[in-house]
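Working notes, structure below.
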Amino acid sequence: MSENYSIEINDLKVAYGEIVVLENMNLNIAHGEFLVLLGASGCGKSTLLNCIAGLLDVRDGEIHINGKNVTWEEPKDRGIGMVFQSYALYPQMTVKGNLSFGLRNAGVKKDEVERRVAQASEILQIEPLLKRRPAELSGGQRQRVAIGRALVRDVDVFLFDEPLSNLDAKLRADLRVEIKRLHQRLENTMIYVTHDQIEAMTLADRIAIMRGGLIQQLDTPFNIYNNPVNKYVAGFIGSPAMNFIEGTLTPGDVPMFTSGDLNISMKGYELTQTLGSAPLEGVTLGIRPEHVLFGDAAAGAPFSREVVVEVVEPMGADTLVWAMIGELSFRFRVEGQLQLRSGDKVTIGFDPSRGSMFDAEERRI
Amino acid sequence: MTATVKHKRRRLGLFRNLSAKIAAIPMIFTTLVVFVGCSIWTITYSFTKSKLLPVKLFTMPVEFQFPLSLFNRSEEGFLTWVGFDYQWNGFSQLINTKFLVGFAQYDRLLDASRNSRWAESVENILFYGVFSLTFSFTVGFILAALIDQKVRFENAFRSIYLYPFALSFVVTGVVWQWMLSPDGIQDAINQFGAWAHIGILENLPFKLMASGETVIFGLLLAGLWQGTGFTMVLMLAGMRGIDGEIWKAARVDGIPKWKTYIFVVIPMMRGVFITTLVIAASGIVRLYDLVVVLTSGGPGFSSEVPAKYVYDYMFARSNLGQALAASTMMLLTVVIILIPWMYLEYGRRKER
Amino acid sequence: MTKAIATPRGPKPNRISPGRIILYSVLLIAAVYYLLPMYVMIATSLKDLDQVREGNIFAWPFRAGFDAWIKAWDTACTGLYCEGLKVGFWKSVQITVPSVLISIAIASVNGYALSYWRFRGSEVFFTILIIGSFIPYQVMLYPLVIITRELGIFGTLPGVIFIHSIFGMPILTLLFRNYFAALPVELFKAARVDGAGFWGIFFQIMLPMSIPILVVAVILQVTGIWNDFLFGVIFAGTQNWPMTVQLNNIVNSTQGVKEHNVNMAATILTGLVPLTIYFISGRYFVRGIAAGAVKG
């Protein structure tokens, strides 16, 4: 039980009756780290967060926060503050009441309560709202109050359970930055659960992508983006999603990837393992739309091809183009000012060494 | 071009509403004739002389009498009120025939020195109402909160607390009448005392029904047995409607459960409380079957209630005016309960 | 570094705390209060008269038998006649079934009309209906006697059925209206686009979707009407008294010795139908109560 980590999770197992949600879960989070638990619904991220908070009982394993074994502790004794998806503000109390209720209950002295409330309101800029009720606040304001309620607890660890999911897109973008600024200012450990990969990429020091109760990859956003460890992670991160081409990989001095009438030389691609001599079936080659070169740039690329434009989706800053490569629908991005039309013949290309290859079991090779 | 379109639309509009209107005729009939019309009739006639509509009584071996003939057929075959020919010649004529006696009925009703029975019944229903509401709300809430704690056999407990509500007041009255009589609980305790040689128990009286002072508690015991399940179910539903994340937030904040109930849950359940209160109160005002079966209003008139007063005067004592005046008073009470509630409801809705 | 004796790991240790014990005790004590009368009813009805006369209502019957039940059903005196409760039972059935059918038929159409086909004044009528449901029956009683007399149905089965149908309308209409209002309005619009009319939509779309609320409505009405006393004693007529009225006659007739075992048997028989419905329907019964409490 070292003090090096803010949060240590050892061999955690969580189950509802016969259904096992998490098993053999191990995770260490450093002090001041912003860790994001990312995944689709049902992957176990909320379950993990609730276990750390102490709101869920575990079947096996231990949880340590700041060096203390809190596996059997009530949430209030774990040194955590939590922000919920639906804000969960006490509707009949004023903002000030919401912020101070927990403190008053714990017997904190009045002037200390005042001080903490004032400090939190200043940081979150909710001072003018103190006398209002939650029903009179906007979504963004409510979320700030919810964060404030966690702030006044004067704890080291903050837990966020999909706090921005109930807000509209613009508000989400604004509050995202505020949360990042908050983290920079307070430097607390923050664990953040979301299904939105953009939130994850922009906020996290490290991301833990979860699926089926298992962490697929635990790494910095940069590495996850560039070196996804399996096909699921590769497809989850990045918008628009990665293009996948199924085919066969023939090993050799220069491995060749073949699919239909496509022959792509994988020169320069970093393999994670040495291949045998036999060709590998069921290999998937992944290329991100933003790595696809267009027009003149494409001409000099290691692999290039002329394709027919199928659908054009103008988005202002850039335009998403769908074209057919053989039988495959291929996505790539072009400059927003370019006006392509369905049926146009264009040249695209890419450098295969920037792509990712996955074997038949969807692991990276 | 536009003219034809407009015309067509209006025709369609009429037809569309026609089906709905036809379908709603029973409702319109009921509201107008029954609820509005009958109430107005009652209120109006409460200002009349009481013996205007004599009733032929028909006694039975049991304590119930009911009206049989209110009308006579005249020679021509028309229905006429017995006693006077109905002629509407305007108010002046009515007053001249001393048809309207003004508030005389109400005087008789409310003058406690001449009419202690009505005063007693009002006192009783007030006492019963306040006590019943307080108790059923408190106990109902506590039981609901306890059941909400993820107890095992939750369904069993809820079924046990609620089943009396499925019974008729007559059933409840019969059982409790016997249990509360000297042959019932008292006798059982006495016999147990004799058997176990506990002197105090042997002679312990449990005669709630015998004394005018305590008979109301017998009524309460029975009535609460029947009705608390109702409030409990509504409270439980209200509690379950509270977002689970609020509970989580309170837990993270370190608020103990009982405090969460008092400071967070109850304020959030204000709407449920008010609605339940209104429904329960309006049900209490109508209390009739239970009293008739359990105590017959006795001993004497000490457990008389307004609804029974109305029925007795209306059918047994042929004192229609009194009965109608009493009914109108009951109506007034309900209106007094309803108005603040409606004001709250509609006021709140306007806010949105 | 000293290690704690038990390192916290896995699920928390068993929490049979004193709080939990108190909780269950309270629930059990309350359960006793609620179950006691039922026990008395059953136990007494199974006793023979000698044991009843001995008193001690909590004693278990020495010789348990259904004699009292048979007497209550077949030969108990309910006023002028001594033909037992079986008469009242069938009368109750004859009163309840038509009343339930009629009131639900009307109320469902009303609720449907109110939620989708609003016309001028519909909301006003509805509000009056709801307010009317709070008015004590006594206020409208005498005029209703006059009306039913005028229509020739006073003191007959159709009379009491008529009364029950009327008074069942407010709460049932509210029930159906709320239910229909909660259904997606797109269904209705799609049907209109397809060309269906008022009745068409009702029978082909709304009604099939209303099974849950129909069950609740049936339970509410059957329980309410079966248990009714006031309307039965006034409007049904001597020949048609429902079970509840007969029960009261059996128990409160001043002739002779009180046969408590027969009385209790009669009580159980009277309560059997609504209780059975209650225990079978469980959740729906609760929903019915909750729905009754949800106003507009």
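Just so you know, all these numbers are worked out from the coordinates, no wet-lab data involved. As the structure is a prediction and not an experimental result, all values here were calculated from the model. Methodologically, a virtual Cβ is constructed for each residue, glycine included, from the backbone with ideal geometry; neighbour enumeration extends over all protein chains shown.
Worth a mention:
- The calculated FRET efficiency for the pair C:LEU49 and C:LEU207, based on their C-beta separation and a Förster distance of 56 Å, comes to about 0.60.
- Cβ-defined net charge surrounding C:PHE235, 12 Å radius [Lys, Arg +1; Asp, Glu -1]: 0
- Note on B:SER19 and B:VAL335: the extension gain reaches 110.3 nm, defined as 0.36 nm multiplied by sequence separation minus the Cα-Cα distance.
- Here's the list of aspartates and glutamates a cross-link from A:LYS131 could span, going by alpha-carbon distance under 17 Å and ignoring same-chain residues fewer than 8 apart: A:GLU114, A:GLU122.
- Fraction of the pair-distance distribution of region C:87-293 above 26 Å, Cα-Cα pairs, percent: 43 percent
- Anisotropy class of region B:110-351 from Cα gyration tensor, a/c 1.5 cut: oblate
- Binned Cα-Cα distances of region A:5-236, short to long, each 5 Å bin given as a whole percent: 1, 7, 14, 18, 19, 17, 12, 8, 3, 1, 0, 0
- By average C-beta atoms within 10 angstrom, highest first, the peptides B:238-248, A:347-357, B:219-229: B:219-229, A:347-357, B:238-248
- Each distinct pair of alpha carbons in the protein assembly as shown adds a 1/r term; the inverse of their mean, the Kirkwood radius, is 35.0 Å.
- Peptide B:178-185 is shielded by partner chain Cβ atoms: per residue, an average of 5 of them sit within 10 Å of its Cβ.
- Length-normalised contact order of region B:110-351 in % [C-alpha pairs under 8 Å, at least 6 apart]: 28 percent
- Label sites at B:SER296 and A:ASN28, each approximated as a point 7 angstrom past Cα along Cα to Cβ, lie 8.8 nm apart.
- Mean partner shielding of peptide A:60-71, defined as the number of other chain Cβ atoms within 10 Å of each residue Cβ, is 2.
- Tensor-based shape of region A:168-251 (alpha-carbon gyration tensor, a/c under 1.5 rounded, otherwise prolate or oblate): prolate
- Here is the short version for the protein assembly as shown: A:CYS43, A:CYS51, B:CYS38 have no other Cys C-beta closer than 4.7 Å.
- Taking every residue in C:166-172 and counting other chain Cβ atoms within 10 Å of its Cβ, the average works out to 3.
- Chain A, relative contact order [Cα under 8 Å, separation at least 6], %: 15 percent
- Within chain C, helices built from complete DSSP H runs that reach 24 Å or longer along their own axis (Cα positions) and carry a mean Kyte-Doolittle hydropathy of -1.0 or higher are C:18-46, C:85-116, C:157-182, C:260-281.
- As a calculated quantity, the FRET efficiency between C:THR276 and B:LYS207 at R0 = 30 Å, using C-beta atoms, amounts to about 0.25.
- Footprinting exposure proxy for A:HIS64, B:HIS197, A:HIS195, C:HIS260 (fewest neighbouring C-beta atoms within 10 Å first): B:HIS197, A:HIS195, A:HIS64, C:HIS260
- Fewest-first sequence of B:TRP176, C:TRP73, C:TRP241 by Cβ atoms within 10 Å of each Cβ: C:TRP73, C:TRP241, B:TRP176
- Considering only alpha-carbon pairs that sit under 8 angstrom and 6 or more positions apart, the relative contact order computed for chain C is 28 percent.
- Average projected area [Cα convex hull, region A:227-365], square nanometres: 8.2 nm²
- Largest GNM mean-square fluctuation across C:MET38, C:MET209, C:MET140, computed for chain C with C-alpha springs under 10 Å, falls on C:MET140.
- The Cα center of region B:153-171 and the Cα center of region C:238-254 differ in position by 24 Å.
- Taking the DSSP beta bridges with both ends in the protein assembly as shown, the antiparallel portion is around 80 percent.
- Placing a pseudo-label 7 Å from each Cα along the Cα-to-Cβ vector at C:ILE42 and B:PHE127 gives an inter-label distance of 3.6 nm.
- In nm, spacing of pseudo-spin labels at A:SER41 and B:THR138 (7 Å Cα→C-beta vector): 4.6 nm
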